[in-house]
Each structure stands twice: as structure tokens, then as C-alpha cells.
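Asks: Let me begin by handing over the structure; questions about it come next.
The values are calculated or read from the model by the stated rules, or taken from the named source; none is laboratory data. On a predicted model such as this, the values are computed, not experimentally measured, just so you know. Every residue, glycine as well, gets a Cβ built from its backbone with ideal geometry; the counts of neighbours run over all protein chains shown. The area values use the complete protein model at the heavy-atom level, side chains included, leaving out ligands, DNA and RNA. Shrake-Rupley method; radii C 1.70, N 1.55, O 1.52, S 1.80 Å.
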Amino acid sequence: MSVNTFGRLLRFTTWGESHGPALGAVVDGCPPGLTLSEDKIQPFLDARRPGQSKFTTQRQEPDAVRILSGTFEGQTTGTPISLMIENVDQRSKDYSEVAQAYRPGHADYAYDAKYGLRDYRGGGRSSARETAARVAAGAVARLVIPEVVVIGWVAEIGGDCIDPTNFDANQIGRNPFFCPDPVAAVRWEKLVDEARLAGSSLGAVVECVASGVPAGWGAPIYAKLDADLAGAMMGINAVKGVEIGDGFAAARLTGEGNADPMRPGEGRPQFTANHAGGIAGGISTGQPVKVRVAFKPTSSILTPVETIDREGNATEIRTKGRHDPCVGIRGVPVVEAMMALVLADHKLLHRGQCG
């Protein structure tokens, strides 16, 4: 069984391959009466769109979304919303070597082992191209949670971290790295360019915060908000680690150091810390929900790497074509989308149980 659907009440299914004619998503369970048009979705796809700087893949895709169903006179009808994004700049000939040998670190061998065949053109479903459909679905999810503001940024590239004291949210959209630290952004230009020119790649850490999430979303055991967030983020191509709140750093704290002290407030407690990332016992606390996501270096690189071919013979492979020298950069809109999709789903689940 191949699972291509995510969510419980707000469910979305993605379809399509990297070098197919199109890809897209079907969003089901969206409440009726929400204002929706292509213009509401396109800005998020534009943020993820390739070819906007030398620090991302040079594949030129307009990523223009079309709404095929689920709206009438500019409003959602409550029926499935079908979204389509055409592929217009495929170069399948660049993958002739990949057809014969496996890229180490990529899903090539794993797909062959599971299915007995694979779409080697760009990796098919294992390509980061698939995430465009998630971003489109995430734009719909944001309409379900107007009280929540979701913002993501790159916090680290190749082991070089931002300085939190330089954090300026207004800088995120002013550089090609979604970087809130203008000083780090300058360093990263040299860092990523050197990796690109060397035929290599770098990993990155993306942080995402959702503000305005009320207390009470989530569930105690099998639908924990943090568990669903972790699963959503781990489902993004190239993601190898997820932290909620302090994450692994919490294991190095004492009980009192990890606590989020509460003081009396107007109608709800005032927290003096947020080590838990806005979630306790699987349920939101009313604090900002915080997630950190680790992206591995892009596996498709020009540097020759030892591998085997489909017959099991030793060989080397270097991947031609156009690839991100740091796939985590364009991962920011994808992380934001998955955050919105999980939160929208949990809002509807909470409403369904608690009114």
C-alpha cells in the first residue's frame, strides 16, 4: 500500500511526478464559505519556486496553480478542492546515468527494492518537486486558521548558524535564504556558492513558529499535536530530523530548567518560558508552536560518489542536471505549509469533539 494522503478531517492527497506532465493535490474536508482563488495560493508557490537565484536549482518552472474543483463564485463549497501545477521545464535526458546506477543518499535503491522499478527522471515521487503540491494545499489550510500566523526561516546552513540577537523577521523575504539575520545571509552567499561550484551540497535547519494557536488543540495519546507535526515534517523530502520546542536540548536540562513557569494572566496563564514549544501532553498550551527541521544535503551532486548499478556491479556516479546546492532553503515554504495543514486539521478535530 502506498500512502499519499495526510490528515484526518482536513485531508490532502498529492499526485504527480517530477518529470510528468503535471502534479497537484486534492484537499478534502475544507469547510464551505471560505474565499479561495488562485491568487490566494500563488504567493506561497512563488516563494518556493525554483530558479530565482543561483543558490537554488535553475529549473525554470512558473508553478502556476489552477483550481479545478471545489469552489463556486470564489468560495469553497465543502467538496474536494483539486489543484494542478503543470511541469514545463523537464530535462529527462540529464538522468541517463541515474537510470543505470543508484545515487547514494537518494531514494533510488529503496524505490527499486520496494517496487521493482522506479521513475529515474528526477526521482519521480521522491523528488523535492512533489512539495509544490503540499505548498498549494497548505495555502488552503491557512484559510481554515485565520487566527494563526505561520512564519518559517532558515536558521543554519552547513553548520553556520544565525545569531539570535540579529533576528529580524523583516529580513526573511529580503534575501535568497529566508534568513532573518542579515549578517549570516552574507556569509551564506559565499558558503553555498562554494559548495555549488565544487559540485557538492549543504544541509540546513529550518525553524517554524505558529503564533495565535489557542490552548486545547491536539489530543492526549494517538493524535498528539506534536506527534502529528513531527510526522508531517518527517514526511518532507530530505528531512532527517525534527525537534519540538527545545527538542534534544531539553534532555540536557534539569526539571526546573525545562519547566515553563506560569503566572496569573487575564483569562489564561502567562508563561515565562516556552521550552515545550507550545505543546504539553500532546495539546497546545496557547503559546507559540515551535518546530525545528533538519534537511540533509542534496543527494544529486556533480562530485563522483561510489555506488553500484542495477546489476550490483561497482561503479561511480555523478548526477548531471539542475539541482539545489542546499535543498533546505526552498524547504521553508514547505515546512510552513505542513505546519498550517496539521494545525487546520487539529482545529477541525477539536471543534468536532469539543464544539
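Asks: Relative contact order (percent) for the stretch 130-223, with alpha-carbon contacts under 8 angstrom and 6 or more residues of separation?
Replies: Averaging sequence separation for qualifying contacts and normalising by length gives 35 percent for the stretch 130-223.
Asks: Can I ask one more? Mind listing the phi-derived Karplus ³J(HN,Hα) values for the stretch 33-42, rounded to whole Hz, using 6.51, -1.76 and 1.60 with θ = phi - 60°, and x for any glycine or proline?
Replies: Result, ordered by residue: x, 8, 6, 9, 8, 4, 5, 6, 9, 4 Hz.
Asks: Restricting to DSSP H runs of at least four residues, report the calculated mean residue ellipticity at 222 nm for the chain, -39500 (n - 2.57) per run over all residues, nearest 500 deg cm²/dmol.
Replies: Calculated at 222 nm, the ellipticity per residue is -7500 deg cm²/dmol.
Asks: How many Lys pairs in the chain lie less than 24 angstrom apart by Cα atoms, where the lysines are 8 or more positions apart or on different chains?
Replies: 17
Asks: What list of ³J(HN,Hα) values in whole Hz, one per residue of the stretch 213-224 in order, does the Karplus curve 6.51 cos²θ - 1.76 cosθ + 1.60 (θ = phi - 60°) give from phi, with Gly and Pro shown as x?
Replies: So the Karplus estimates, Gly and Pro as x, are 6, x, 5, x, 6, x, 7, x, 10, 8, 9, 4 Hz.
Asks: Sort 275-282, 301-308 for me by packing, meaning the mean count of neighbouring Cβ atoms within 10 Å per residue, highest on top.
Replies: The most tightly packed comes first, giving 275-282, 301-308.
Asks: Translational D (Stokes-Einstein, µm²/s) of the chain at 20 °C and 1.002 mPa s when Rh comes from the Kirkwood sum over C-alpha pairs?
Replies: Taking Rh from Cα pairs, D becomes 101 µm²/s.
Asks: Further question on the same structure: Can you give me the accessible area per residue for the stretch 210-355, using a 1.4 Å probe, in Å²?
Replies: 47 Å²
Asks: Report ³J(HN,Hα) in whole Hz for each residue of the stretch 326-343, in order, from the Karplus equation J = 6.51 cos²θ - 1.76 cosθ + 1.60 where θ = phi - 60°; Gly and Pro get x.
Replies: So the J values, rounded to whole Hz, are 8, 5, x, 4, 7, x, 4, x, 6, 4, 4, 4, 5, 4, 5, 5, 5, 5.
Asks: Further question on the same structure: Can you send over the carbon and sulfur percentage of the accessible area for the chain, probe radius 1.4 Å, protein chains only?
Replies: 54 percent
Asks: Which stretch or stretches of the stretch 145-159 have amide N atoms under 19 Å from the point lying 7 Å from Lys190's Cα along the Cα→Cβ direction?
Replies: Correct set: 156-159.
Asks: Here's a follow-up. Can you give the angle from 0 to 90° between the axis of helix 225-234 and the longest principal axis of the chain, with both taken from C-alpha atoms, to the nearest 10?
Replies: 10 degrees
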